[in-house]
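Chemist: Structure in structure tokens, see below.
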Amino acid sequence: GTATSYESPEALTVDGKWSVEPVDEAEFRTRMVVYRPTDPAKFNGTVIVEWLNVSGGTEASSEWIMAHTELLRSGYAWIGVSAQKAGIDGAGVTILPISLALKKINPSRYEKLVHPGDKYSYDIFSQVGMAVTDPQRFNPLGELQAQRVIASGESQSADFLLTYVNAIAPRDNVFDAYYIHSRIHGSAALQPDPDATDLDLENRDSVWVRDDLNVPVLMLQTESDTTVLGAYKDTQPDTPMLRVWEVAGTAHADRYVGNLGLTDKGDNPNVAAVVETRYAVPVIAKCGKPINSGPQHFVVKASLAALDNWLRTGVAPESADRYVFDEETASLVRDQYGNVLGGIRTPYVDVPIATLSGEGQDGSDVFCDIYGTTELFDEITLMELYPDHETYVG
């Protein structure tokens with residue numbers, strides 16, 4: 001189709017209440033990847049439309065990786081959108097020195113794709129959403145009919161989705177809800193610099209989710225997002241249409257995302273294990289310290305179910321506790337075992353066998369910095385806490 005880019009005639013304000021105007025147009029051809037129940041009777045009516053993540057130099061389906069066992073067993077449909085130029089052609093803001101863009105992975109299949117630049121990505125995402133909510137030439141869901149459509153994005157995709165929510169959502173009214181996962185400080189520009197190779201977090205302004213939306217927004221944050229990626233500067237209270245979930249013991253990326261999630265069928269207890277491994281990605285990326293093996297993916301599943309229930313019933317989830325944060329030192333407050341206080345709690349931090357953190361890598365590798373750390377308790381500490389198995393289970 002033809003995509004439009006936008007700009008704001010006025011300065012963008014912290015409250016996110018932005019009004020934008022069309023600037024120019026460009027032709028595009030993108031792709032969507034569709035997973036849907038083969039049995040229509042098992043479709044629950046909800047579609048997750050994910051803005052595919054390009055931070056690793058390739059297109060990653062972060063939400064699908066973390067939530068697919070819940071999406072499969074509960075009958076969701078999922079659509080991944082090639083919304084950004086880097087995923088198709090390469091370059092852009094990446095944290096790995098390699099590029100596995102679509103045209104490099106499979107030139108013969110993807111050479112016909114055309115992305116005119118990320119300033120058009122917002123409208124491209126809208127048009128994919130419209131193809132789902134109001135099918136015209138074809139229905140991406142086949143014989144299935146979407147009843148609820150949730151837009152989602154994680155990390156750099158959350159960065160763009162936040163801008164979309166504030167600038168485009170009230171204008172286009174495409175999606176029924178938004179899932180902003182691991183937002184970083186600020187948000188993406190309406191007219192991103194096509195030559196930018198980093199996010200320059202230091203020079204960004206704070207941004208909130210606008211509080212006048214008429215559709216739900218659920219934001220899930222990890223410890224790394226808060227401190228390493230600076231989102232503590234953007235902390236805002238819940239509103240009638242916003243819930244923020246800060247999850248204790250979690251990192252922006254972790255063992256499940258980089259290792260187990262790609263092959264998890266939902267029947268392997270090993271995905272729940274707390275272990276020490278330095279491999280963020282098997283063979284490819286090894287970090288200085290063992291990476292986080294915390295509970296993020298379990299809470300991602302729960303949060304998507306909560307957002308879906310919000311749409312179905314109109315009843316918002318209760319507001320959750322936030323991290324205990326020291327404003328003076330701009331740091332998270334931790335207990336005697338090094339686990340953060342506050343936030344959404346799980347047995348990983350309330351009945352701990354390790355220090356699980358979104359921080360703690362040595363800072364020499366941007367990629368590893370967002371994978372946090374795991375440090376197993378020594379035998380003495382474990383015996384003091386749990387003299388036997390029954391005590392631990394109790």
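Chemist: Checking LEU162 against (1) open to solvent by 60 Å² or more (accessible area, probe 1.4 Å); (2) touching a Lys or Arg at 6+ places or on another chain (Cβ under 6 Å), which test does it fail?
Modeler: Every condition holds for LEU162 apart from (1).
Chemist: Confirm whether ALA83 is among the small types (Gly, Ala, Ser), more than 21 Å from VAL174 (Cα to Cα), modelled with pLDDT of 95 or more and open to solvent by less than 30 Å² (accessible area, probe 1.4 Å).
Modeler: no
Chemist: Given the options ALA91, ALA77, name the one that is surrounded by 17 or more Cβ atoms within 10 Å (Cβ to Cβ) and over 18 Å from THR163 (Cβ atoms).
Modeler: After applying the criteria, what remains is ALA77.
Chemist: Go through the stretch 245-267 and count every residue that is assigned to a strand (DSSP E or B) and either of a type in the set (Gly, Ala, Ser) or out of contact with any Lys or Arg (no Cβ under 7 Å at 6 or more places or on another chain) (or both).
Modeler: First, pick out the residues of the stretch 245-267 that are assigned to a strand (DSSP E or B): 245-247.
Then drop every residue that is not either of a type in the set (Gly, Ala, Ser) or out of contact with any Lys or Arg (no Cβ under 7 Å at 6 or more places or on another chain) (or both), which leaves 245, 247.
Residues in the stretch 245-267 being assigned to a strand (DSSP E or B) and either of a type in the set (Gly, Ala, Ser) or out of contact with any Lys or Arg (no Cβ under 7 Å at 6 or more places or on another chain) (or both): 2 in total.
Chemist: Restricting the search to the stretch 264-290, which residues are under 19 Å from the mean Cα position of the chain (by Cα) and free of Cβ contacts under 8 Å to residues at least 40 places away in the same chain?
Modeler: VAL281
Chemist: From ASP123, ASP118, grab the single residue that is of a type in the set (Asp, Glu), closer than 19 Å to LYS85 by Cα, in contact with a helix residue (DSSP H, G or I) (Cβ under 7 Å, 6 or more places away or on another chain) and open to solvent by 10 Å² or more (accessible area, probe 1.4 Å). Please lay out each step first, then the result.
Modeler: Values: ASP123 fails: in contact with a helix residue (DSSP H, G or I) (Cβ under 7 Å, 6 or more places away or on another chain).
Of the residues listed, the single one that is of a type in the set (Asp, Glu), closer than 19 Å to LYS85 by Cα, in contact with a helix residue (DSSP H, G or I) (Cβ under 7 Å, 6 or more places away or on another chain) and open to solvent by 10 Å² or more (accessible area, probe 1.4 Å) is ASP118.
Chemist: Let me ask something else about it. Within the stretch 279-314, restricting attention to residues that are modelled with pLDDT of 95 or more and among the charged types (D, E, K, R), which residue is farthest from ARG148 (Cα to Cα)?
Modeler: So the residue we want is LYS289.
Chemist: Quick check on my filter: what residues within the stretch 339-362 are among the small types (Gly, Ala, Ser) and surrounded by fewer than 21 Cβ atoms within 10 Å (Cβ to Cβ)?
Modeler: The one that is among the small types (Gly, Ala, Ser) and surrounded by fewer than 21 Cβ atoms within 10 Å (Cβ to Cβ): GLY342.
Chemist: Restricting to the stretch 214-228, name every residue that is out of contact with any helix residue (DSSP H, G or I) (no Cβ under 7 Å at 6 or more places or on another chain) and over 16 Å from ALA320 (Cβ atoms).
Modeler: Residues satisfying the conditions are ASN214, VAL215, SER224, THR227.
Chemist: Pull out all pairs, ordered by first then second residue, where Cβ-Cβ is under 9 Å, the residues are six or more apart or on different chains, the first lies in the stretch 342-365 and is within 19 Å of THR391 (Cβ to Cβ), and the second is among the charged types (D, E, K, R) and surrounded by fewer than 23 Cβ atoms within 10 Å (Cβ to Cβ).
Modeler: Matching pairs, first to second residue: VAL349/ASP335; PRO352/ASP335; ALA354/GLU276; ALA354/GLU375.
Chemist: Being farther than 19 Å from LEU229 by Cα and either aromatic (Phe, Trp, Tyr) or open to solvent by 50 Å² or more (accessible area, probe 1.4 Å) (or both) is the filter here; which residues of the stretch 363-384 pass it?
Modeler: GLU375, LEU376, PHE377, ASP378, GLU379, ILE380, MET383, GLU384
Chemist: Please go through the stretch 27-46 and give me each residue that is touching a Pro at 6+ places or on another chain (Cβ under 9 Å) and either open to solvent by less than 20 Å² (accessible area, probe 1.4 Å) or closer than 17 Å to VAL81 by Cβ (or both), ordered by number.
Modeler: Answer for the stretch 27-46, where residues must be touching a Pro at 6+ places or on another chain (Cβ under 9 Å) and either open to solvent by less than 20 Å² (accessible area, probe 1.4 Å) or closer than 17 Å to VAL81 by Cβ (or both): PHE28, MET32, VAL34, ARG36.
Chemist: Please specify each residue of the stretch 9-22 satisfying the condition of being surrounded by 13 or more Cβ atoms within 10 Å (Cβ to Cβ) and closer than 30 Å to ASN139 by Cα.
Modeler: Matches in the stretch 9-22: VAL20 only.
Chemist: Take the residues of the stretch 192-234 that are part of a loop (DSSP other than H, G, I, E, B) and free of Cβ contacts under 8 Å to residues at least 12 places away in the same chain: which is nearest to GLY57 (Cα to Cα)?
Modeler: ASP195
The values are calculated or read from the model by the stated rules, or taken from the named source; none is laboratory data. What you see is a predicted model, and the numbers here were worked out from it, not measured in a lab. So basically every Cβ, Gly included, is an ideal-geometry build from the backbone, and we count neighbours across all protein chains shown. The accessibility values were calculated without ligands, DNA or RNA, using every heavy atom of the protein model including side chains. Shrake-Rupley method; radii C 1.70, N 1.55, O 1.52, S 1.80 Å.
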